[in-house]
């Protein structure tokens, strides 16, 4: 098992030569469950949560996304939940900044950006008081949406994810027998059926 910084470096390397990936509905359903239910107690939880948000951000734009996901940015309100947890738990190797309609969260030197995400009162307080978790930075130019599936899989394999989140990852509740079978077998030849 790689540590979070090794994983971060692997993601950065993958992003340099990335080609657009086919994203699976079962992963989108799992990412949605993480966003809705995850507890954020460790920096690995932050990485998992941001990667789930990034996955959803990429998936909703896909022409093959089912109606309940297509162009549905329900998760944008959840970005501040993660950043509030970073502040409240004073998580090391995690910082954030915002401005010009974008919120950026950084964990283990990997930056995740989200346009039009909510700014919480706690985020404003941290920024206005020069708190230790707010660090103004520019976007570093690493596009994570084209490799959202890769980032999400890497995040799920991190050590030190909290027990509650491991339960979400290990549950089979997110995938019923038939609901995703057709979607998960998508490839370049058959995805137009949807």
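The values are calculated or read from the model by the stated rules, or taken from the named source; none is laboratory data. Fair warning: this is a prediction, and the values are worked out from it, not measured in the lab. FYI the Cβ positions are ideal-geometry reconstructions off the backbone, even for glycines, and counts take in every protein chain you see.
Which of the helices (runs of 4 or more DSSP H) contained wholly in the stretch 1-61 include at least 1 residues that are over 15 Å from the mean Cα position of the chain (by Cα) and within 21 Å of residue 86 (Cα to Cα)? By residue number, 4-16. Residue 54 satisfies every condition listed in (1) free of Cβ contacts under 8 Å to residues at least 24 places away in the same chain; (2) under 23 Å from residue 169 (Cβ atoms); (3) in contact with a strand residue (DSSP E or B) (Cβ under 7 Å, 6 or more places away or on another chain) except (1). Could you check the stretch 70-90 and list, in sequence order, the residues that are in a loop (DSSP other than H, G, I, E, B) and either touching a strand residue (DSSP E or B) at 6+ places or on another chain (Cβ under 7 Å) or surrounded by 20 or more Cβ atoms within 10 Å (Cβ to Cβ) (or both)? Selection gives nothing. Check whether at least one residue in the stretch 114-129 is assigned to a helix (DSSP H, G or I), out of contact with any helix residue (DSSP H, G or I) (no Cβ under 6 Å at 6 or more places or on another chain), buried (at least 16 other Cβ atoms within 10 Å of the Cβ) and modelled with pLDDT of 90 or more, and report yes or no. For the stretch 114-129, residues assigned to a helix (DSSP H, G or I), out of contact with any helix residue (DSSP H, G or I) (no Cβ under 6 Å at 6 or more places or on another chain), buried (at least 16 other Cβ atoms within 10 Å of the Cβ) and modelled with pLDDT of 90 or more: present. Residue-level check: of (1) buried (at least 21 other Cβ atoms within 10 Å of the Cβ); (2) in contact (Cβ under 8 Å) with a residue 40 or more places away in the chain; (3) not in a helix (DSSP H, G or I), residue 103 misses just (2).
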